[in-house]
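A short worksheet on the structure shown next.
The values are calculated or read from the model by the stated rules, or taken from the named source; none is laboratory data. The model shown is predicted, which means the values in this text are computed figures rather than measured ones. Note that we place each Cβ from the backbone using ideal geometry, even for glycine, and neighbour counts take in every protein chain shown. The protein model used for the area step is the full one, side chains on, heavy atoms only, and it has no ligands, DNA or RNA in it. Shrake-Rupley method; radii C 1.70, N 1.55, O 1.52, S 1.80 Å.
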Amino acid sequence: MKNYTHIRLEKLPVSFLLHKKAFALTIGLTIACVVVFLLSTSLGDMRIHPLDVVRAMFGGGTDEQRLVIQTLRLPRIIAAFLVGAALAVAGSILQGIIRNPLASPDIIGITSGASLAAVAFISYLAGTISIVWLPVAAMLGAGVSSIVIYLLAWKKGVTAIRLVLVGIGINFLLGSITKVMLVKGQIFTSSQAYVWLTGTVYGTDWTIVWMIVPWVAVFIPLAFVFARNVNVLQLGDDIAAGAGSAVQRQRFTLLMISVALAGASVAVGGAISFVGLIAPHMARKLVGPSFGGVLPISALIGGLIVVLSDTVARTAFLPHDIPVGVFTAGVGAPFFIYLLYRNRNS
């Protein structure tokens, strides 16, 4: 217990243990996020000094600087961070309840459901229904696919191994249907859908930012509330049931929190891959397996990964703007191979 500090609120019936290392890392990563935000906002076709960036954020600077920062760059960077944080927390939950470090929203079918719904919307409805409804379609796809996975995995309850196996199967099935749509669709809509499937926050404005903010603001705190349940589920279903946990109800609730976060992130940033796999794994390496410590660290790491990747994507190949998913996949694929190799030899 020497690694924890006991916090008790005198006026409220609330007390909890604060992991010292996780708290210190959270502060350090928060500072790193602020630095990366400033650097990312200052880079681009028009380079702006970080001090001028701060002035423009608060209404100072020139009209051109305010336009570039407040209208073009800042919404995109904030959206990238929130997308990364949501994907990382969703991945942390899935890895916790499935007890498998290889689980993530884009591997067990949640992202594929959102992608299928989005591609169907772009291919068949974009000309008749406003594109602002695309995020709604993506979130509905994520929700429907997760419910189908859960129902197919049910057999007197849902076990972790059955959930992940069914999820992988559904992932490949939905991915195949999506590819058929892309092949049979018109060239313009298929190219638009393909860029979205790669993962991009290009063209993000404040409307899109406010679209994801409520989901992050509600469901990440909910994940903190259920952190204790994740810790118990990681011990195995029998032990968790013996400790008095309602295993099936808690697993379903946590799965729905993960789906909400993954669906919101995919709806805004497209099918950005591997963030939900990498960030939780890095967080566990830093603070250990306790979900209360993993959650804030993985959220900050996930946000940093997407912001850094998007910064490289929009600045390294000027005047071209590369989808951010290209860079997260470039980092994530070797990391995934490393995890597979490590688990095979463990």
Report summary line: When the range 17-47 is checked residue by residue, the ones that are of a type in the set (A, V, I, L, M, F, W, C), open to solvent by less than 90 Å² (accessible area, probe 1.4 Å) and at pLDDT below 85 are 17, 18, 22
Report summary line: Reported set for the range 152-206 where residues are within 30 Å of residue 70 (Cβ to Cβ), hydroxyl-bearing (Ser, Thr, Tyr) and in a helix (DSSP H, G or I) is 198
Query raised in the report: In the range 207-230, what count of residues is obtained for those that are among the aliphatic types (A, V, I, L, M) and either open to solvent by less than 30 Å² (accessible area, probe 1.4 Å) or not in a helix (DSSP H, G or I) (or both)?
Result: 7
Requested in this report: Evaluate the following for residue 301: is it touching a Ser or Thr at 6+ places or on another chain (Cβ under 7 Å) and farther than 14 Å from residue 95 by Cα?
Outcome: no
Query raised in the report: Quick one: which of 122, 149, 108 is farther than 23 Å from residue 255 by Cα, within 24 Å of the chain's Cα centre (by Cα) and surrounded by 21 or more Cβ atoms within 10 Å (Cβ to Cβ)?
Result: 122
Report task. Go through the range 177-214 and give me each residue that's at pLDDT 80 or above, over 30 Å from residue 307 (Cα atoms) and not hydrophobic (A, V, I, L, M, F, W, C). Result -> 184
**Report entry** Which numbered condition residue 195 fails, given (1) open to solvent by less than 60 Å² (accessible area, probe 1.4 Å); (2) under 21 Å from residue 326 (Cβ atoms)
**Finding:** (1)
Requested in this report: Kindly indicate whether residue 223 is modelled with pLDDT under 85 and either touching a helix residue (DSSP H, G or I) at 6+ places or on another chain (Cβ under 9 Å) or of a type outside the set (S, T, N, Q) (or both).
Outcome: no
**Report entry** residue 103 being of a type in the set (A, V, I, L, M) and open to solvent by 10 Å² or more (accessible area, probe 1.4 Å)
**Finding:** no
Report task. Output the number of residues of the range 152-192 satisfying the condition of being on the phi > 0 side of the Ramachandran plot and either open to solvent by 80 Å² or more (accessible area, probe 1.4 Å) or touching a Pro at 6+ places or on another chain (Cβ under 6 Å) (or both). Result -> 1
Query - Set 268, 312, 307, 324: member being surrounded by fewer than 21 Cβ atoms within 10 Å (Cβ to Cβ), closer than 25 Å to residue 39 by Cβ, of a type in the set (Val, Ile, Thr) and out of contact with any strand residue (DSSP E or B) (no Cβ under 9 Å at 6 or more places or on another chain) - result: 312
Report task. List the number of the failed condition for residue 285; all other conditions in (1) more than 25 Å from residue 44 (Cβ to Cβ); (2) over 11 Å from the mean Cα position of the chain (by Cα); (3) in contact (Cβ under 8 Å) with a residue 24 or more places away in the chain hold. Result -> (3)
**Report entry** the range 47-101, subset among the charged types (D, E, K, R) and part of a loop (DSSP other than H, G, I, E, B), residue nearest to residue 262 (Cα to Cα)
**Finding:** 99
Query raised in the report: Where residues in the range 162-191 are of a type in the set (S, T, N, Q) and under 25 Å from the mean Cα position of the chain (by Cα), which of them is nearest to residue 109 (Cα to Cα)?
Result: 171
